[in-house]
């Protein structure tokens, strides 16, 4: 394991159009990275302004995968796809030989390492919260430790407008997840909430997992573990005709 | 329920570039549809030549969803996304008010209606078969009735080149799934195998589910059941900036 | 697939003594069948007046199976056993070569094709609702998508006495299943509620599955799919002495 | 807890027509009962000669439930339904206030008290073994500890004809379940194998659960635990018209 | 099966320091044992005063296992480790050839034999109830039948101080588990509540399982079933250096 | 997050008597730690020479917890309990406010971050492999992604005697887990195999998780995430009399 400063470099892909989040995220990731890791944060030139649906996830994914392929070509050692829904994560693992980490997946596994049952607090509208997290958890095969999902009623693009209000609304649902649903770990369901965990922790009185931070730590660990690409789980796609808009086109080995 | 001939129209989207499959699929679907249903089969102008990976699934998805949105605008009553991996199925359900059916999902539910434990026979290379079907089944929450997945070692684009060989290779794995793994239903894992079920049935001596046919029958049923769109499970994505190549651009209500 | 009018004939067995339901059911099934399907509805000469317990299910079952065997001998192409508890369904599949469909099973699979998590609304007394549906769902292996079961407090034989009151009481529980339990699909837990789904849908604001209609559509699909009987899952019972009251006696091949 | 000799009386219902098994079973149960328990074994006057299918299970069930109701009226303290498929067990619990025990259910729970993963060895034909046990285990919710089911190829009515051969064939499959499937407990899948466990134990070198004996011990325990009937799980069926052949007719409170 | 009075002897190990419970437990077990069973109750000379945490469980365990090994050497036929958390149960099974029964495990399996879904009522503080029972149930693989766990807010060492208050507080939670959570069986989560089940049963109106009594009945059954030790599930630990305080030291074969 | 060299200190507890492993482990952990982390490796003064059974796990646990409590008092920031069975992990989390990491738990979660289905390769005798890992996986709630466990037939204390032979034997089983069982990730089931992963990786051709390394990386991440102790999942044990041998005695806050 190499440990000199800046030995490894990680690209954090914000799978959305350039936004306020970019600079904040850059600071957040740099501050939290281990010394051996250089961090770069880049957003998309094409795609949705935010991801709050399967539809947005799917519009972002081809551009994310392209960036992941290019990241490997540019020499990065790992990529974090900085969105709780992990858009393009599985496909990316097929086409590159470096670790590709998704915050949703990373956060849920870290949560299970510090408690018994977790709830996800999504910023999204209260009424529409159950669908993607529930399916994501089922897909991961960890439903028996999933307690609940709650929505706080904050639109993703509103998160940073009034951080006090965001904190209060997320905190309230986190606290209810613990008291009413029986959760003993909270997973924040959006990387737009990066940095908020310590405050929510005080309100909910249980550990709160920050998905962006979880993804960073998993990416660092995977770099240092020196694991080979998993070609059994993620085989390289066969060559074939793929007719695509130039913005999606990219070659991979 | 309306029953006059041609009352309903279903668009079958082949989520790949135009190919040999198109005409065969048109005949297959028309032959098997109920009298009240008109069928149209269309493939993509952009996208991959076939879908054999998460990567290809993801490249096809934005073009599929666009076609689904346009199908609703053109007056179709339902859409079948004609690939076992159901590319873009969940996202499509968010953006239109008509039923959107995926063959993988439809076939597995039909299988569970005619037996106890199912195996999926994928045309793909023998070594790389476990990854997507296993995850798909887990995501659907029916793992306790999933027996095995087996790959036959036929590339998707080779399926139609030598149908006798394809039948023999698929049949052999189906037969082994029954005899060695204990399956009592076979699900064909690729819509490129449409029409092959009766032959495989004779070899494996258990019911064999044709995913394209399963999707057609589910689409017909959903048209006739008159169910409203499920906005609780698939909420309409909020409006926002989405910067996309023109080939991906589309408006939805 | 044959499509001429009246090509196929389906026997709907009401697994109870002749009742008000018979004529209403006949109209309901005929109205909703595809043109190629002739429908006949018949009830039992012996058995219980309604099925609201394992005990009634078990009293009805031998007479149901006899009717199923005779249906095949009379030339029917499929049978629907018109009760949510599917009395005699598995046994029937052992003794005939035509599809035998149960509304409970059909409705739950259709539900899973239009949403994420389902609740069952049973007409039965509020206090005694959890037992059979929960076990039925566990037996089907789909517990991870089962949200809740709720009873509305209407006795089966009271359902048709005051349809407005029935609708209101069922609707109220459906609405609570969505709002409080988090369901996004409602399955009506009794075929005595046939035809009520559209009204409940308006109240609960999510898709509502009518089990009788679900069973009809599945029976039609199975006829058209041309699947062989599943002798692996439902082997033909060996010949042996069976000493039975004449009303239960029947021969099968 | 009363402990005088013969304080309690248990009726063992052989849910088949009178046979060789009756006298052997009587001896077996009497020998193994605790002193406070009187045992009576009775078979059916109507029903199948043996139970090897859902169909036979369903033909036996109404006569079993009638016997259970009468057993309570005759003063028995508990009933064992002496068949691995527990025909009529759930319904019986609805109509009487005494414990009703099924060997399949009892044996599986006892198995889980003495090891980690169990296999069921069914006497039945090798080809048709997976269907009922798998469903039974799923219905009980213990699939995660179920290792496999194997059939030995002995017809139920042949079991006693050549006990050495039966032992050898059952033993061989038990031994393979341990060595090849990884089971560490064997459950005999038929009460016709009563008394065979010690011999199979020597062959398979792991504990072997005799379902008849398991049911007896559970019935004794339930008598002594003094539990009330579970009217929440098994509510008393409402009164209604039930038109039945005289051989099925019976009143319950 | 031997049935003379006092044929078998069972050692009940109270895995805590000597206390008020000892004499009460002795009476309770003797009163409830079958005539063929002699019972002896012994507590620990070293260990915790009560077990309310993983920490206390772990402190008790080495002394429990020592007592179990000695019990076999003293000629006992079975051991009950008299605590719901079954401290040292798995390890004990590795080192002796007699049955070792834990009340938590025994009670949960008995519960599943008399109903559909169980709740555990723990005496412990209301806030901290979810952790060990949930994990215990998951480890047993019966989560799909687990309804809830509730804590009554009584410290273990306070249970006997005011039995009326204890009964009332436990009863209240049991009643809520039935009415609000949907349980149809209650499992008392502490052997310190031995003898309380009949009173709780009256309050909650469903069967209530006494874990001490469940363990006794399972221990009796295992003695009589004559099962061999399960060396596949619980292999004998290999010989090696074990450097231990004299109070923990013991030899086993 | 602090990043200066040596900011954090982690105690690795080898939960066995002093041995050859100590020095090798010290080198291994120091080499693999991030610059901000100081590592100390200490073994037990009392306990078993190795852990290959529940019995040994239980003998080690009280001494492990004592060391963990003392580690916190000595100022360590986290503890790794260096054994795949995580002896004393849950109890330790109750009594200290610093992260306590177990290699079995850490390795399984890391495995799920790099593939779909994992197998555990245990050094232990081939015959006795299924028991603890299977239960551990079930307890963690991740059974649906568990493929198999295989034993290589190497006693723990023989591992280092002939590393080539150990590698070959472990590698062979890993390769069979991939080819025959369908695993796409291998988890080494013993921390005594630390450092062997790269060699096994070459043989099995899939990623291989080293549990000691996984634990180190999780411990580092938990230090840096700044999570509070989870008092909801692991409440502080109440004060009470605990009478213990001096070697087990320790105070905690």
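The values are calculated or read from the model by the stated rules, or taken from the named source; none is laboratory data. Owing to the predicted nature of the structure, the values given are computational and were not obtained by experimental measurement. Please note: Cβ atoms are built from the backbone with ideal geometry, for glycine as well, and neighbour counts cover all protein chains shown.
Taking segment B:123-144, which residues are at pLDDT below 85 and within 7 Å of another protein chain (Cβ to nearest Cβ)?
B:128, B:130, B:131
Could you check segment C:229-253 and list, in sequence order, the residues that are closer than 30 Å to residue B:196 by Cβ, facing another protein chain (nearest Cβ under 7 Å) and without any contact (Cβ under 8 Å) to a residue 60 or more places away in the chain?
Answer for segment C:229-253, where residues must be closer than 30 Å to residue B:196 by Cβ, facing another protein chain (nearest Cβ under 7 Å) and without any contact (Cβ under 8 Å) to a residue 60 or more places away in the chain: just C:232.
Please go through segment D:178-205 and give me each residue that is assigned to a helix (DSSP H, G or I) and closer than 18 Å to residue D:108 by Cα, ordered by number. Before the answer, list the steps.
Quick first cut of segment D:178-205, residues assigned to a helix (DSSP H, G or I) only: D:178-181, D:191-193, D:197-204.
Matches in segment D:178-205: D:178, D:181, D:191, D:192, D:193, D:197, D:198, D:200, D:201, D:204.
With (1) touching a residue at least 40 places away in the same chain (Cβ under 8 Å); (2) surrounded by 21 or more Cβ atoms within 10 Å (Cβ to Cβ); (3) outside the structural domain of residue D:31 (by TED's automatic domain parsing); (4) in contact with a strand residue (DSSP E or B) (Cβ under 8 Å, 6 or more places away or on another chain) as the list, and residue D:156 as the residue in question, which single condition is left unmet?
Among (1) touching a residue at least 40 places away in the same chain (Cβ under 8 Å); (2) surrounded by 21 or more Cβ atoms within 10 Å (Cβ to Cβ); (3) outside the structural domain of residue D:31 (by TED's automatic domain parsing); (4) in contact with a strand residue (DSSP E or B) (Cβ under 8 Å, 6 or more places away or on another chain), residue D:156 violates only (4).
Could you please find all residues in segment D:201-222 being more than 8 Å from every other protein chain (Cβ to nearest Cβ) and surrounded by fewer than 23 Cβ atoms within 10 Å (Cβ to Cβ)?
Matches in segment D:201-222: D:202, D:203.
Does residue B:167 satisfy the criteria of being under 23 Å from residue B:19 (Cβ atoms) and modelled with pLDDT of 90 or more?
On the way: under 23 Å from residue B:19 (Cβ atoms): yes; modelled with pLDDT of 90 or more: yes.
Answer is yes for this residue.
Could you list all residues from segment D:6-25 that are more than 14 Å from residue D:223 (Cα to Cα) and assigned to a loop (DSSP other than H, G, I, E, B)?
Within segment D:6-25, D:18, D:19, D:20 meet the criteria.
Please state which of the following conditions residue C:242 fails to meet, knowing it meets all the rest: (1) over 30 Å from residue C:38 (Cα atoms); (2) crowded, with 17+ Cβ neighbours inside 10 Å; (3) under 20 Å from the mean Cα position of the chain (by Cα).
With respect to (1) over 30 Å from residue C:38 (Cα atoms); (2) crowded, with 17+ Cβ neighbours inside 10 Å; (3) under 20 Å from the mean Cα position of the chain (by Cα), residue C:242 is out only on (3).
If you scan segment D:185-200, which residues turn out to be within 8 Å of chain E (Cβ to nearest Cβ) and touching a residue at least 60 places away in the same chain (Cβ under 8 Å)?
Matches in segment D:185-200: D:185 only.
Kindly indicate the residue of segment F:5-21 that is touching a strand residue (DSSP E or B) at 6+ places or on another chain (Cβ under 6 Å) and surrounded by fewer than 16 Cβ atoms within 10 Å (Cβ to Cβ) and also farthest from the other protein chains (Cβ to nearest Cβ) among those meeting that condition.
Once the filter is applied, the top-ranked residue is F:6.
Which one of C:171, C:182 is away from chain B (no Cβ under 14 Å) and more than 23 Å from residue D:232 (Cβ to Cβ)? Before you say what the answer is, go through the steps one by one.
Numbers: C:182 fails: away from chain B (no Cβ under 14 Å).
From the options C:171, C:182, the qualifying one is C:171.
Taking residue E:68, is it closer than 20 Å to residue E:24 by Cα, modelled with pLDDT of 95 or more, buried (at least 23 other Cβ atoms within 10 Å of the Cβ) and under 15 Å from the mean Cα position of the chain (by Cα)?
For residue E:68, the condition - closer than 20 Å to residue E:24 by Cα, modelled with pLDDT of 95 or more, buried (at least 23 other Cβ atoms within 10 Å of the Cβ) and under 15 Å from the mean Cα position of the chain (by Cα) - is not met.
Check segment E:92-107 and report whether any residue there is over 17 Å from residue E:215 (Cβ atoms), buried (at least 24 other Cβ atoms within 10 Å of the Cβ) and more than 8 Å from every other protein chain (Cβ to nearest Cβ).
No; the residues of segment E:92-107 include none that is over 17 Å from residue E:215 (Cβ atoms), buried (at least 24 other Cβ atoms within 10 Å of the Cβ) and more than 8 Å from every other protein chain (Cβ to nearest Cβ).
Based on what the data block shows, is residue E:111 touching a residue at least 40 places away in the same chain (Cβ under 8 Å), buried (at least 24 other Cβ atoms within 10 Å of the Cβ), more than 7 Å from every other protein chain (Cβ to nearest Cβ) and under 29 Å from residue E:206 (Cβ atoms)?
yes
Name every residue in segment E:22-32 that is touching a strand residue (DSSP E or B) at 6+ places or on another chain (Cβ under 6 Å), at pLDDT 95 or above and surrounded by 18 or more Cβ atoms within 10 Å (Cβ to Cβ), in order of residue number.
If the condition is that a residue be touching a strand residue (DSSP E or B) at 6+ places or on another chain (Cβ under 6 Å), at pLDDT 95 or above and surrounded by 18 or more Cβ atoms within 10 Å (Cβ to Cβ), then E:29 is the only one that fits.
Just for helices (runs of 4 or more DSSP H) wholly inside segment C:94-177: which have at least 1 residues that are farther than 18 Å from residue C:199 by Cβ?
C:103-112, C:131-140
What tally of residues in segment C:36-88 results from selecting those that are within 11 Å of chain D (Cβ to nearest Cβ), outside any helix (DSSP H, G or I) and either closer than 14 Å to residue C:99 by Cα or out of contact with any helix residue (DSSP H, G or I) (no Cβ under 6 Å at 6 or more places or on another chain) (or both)?
3
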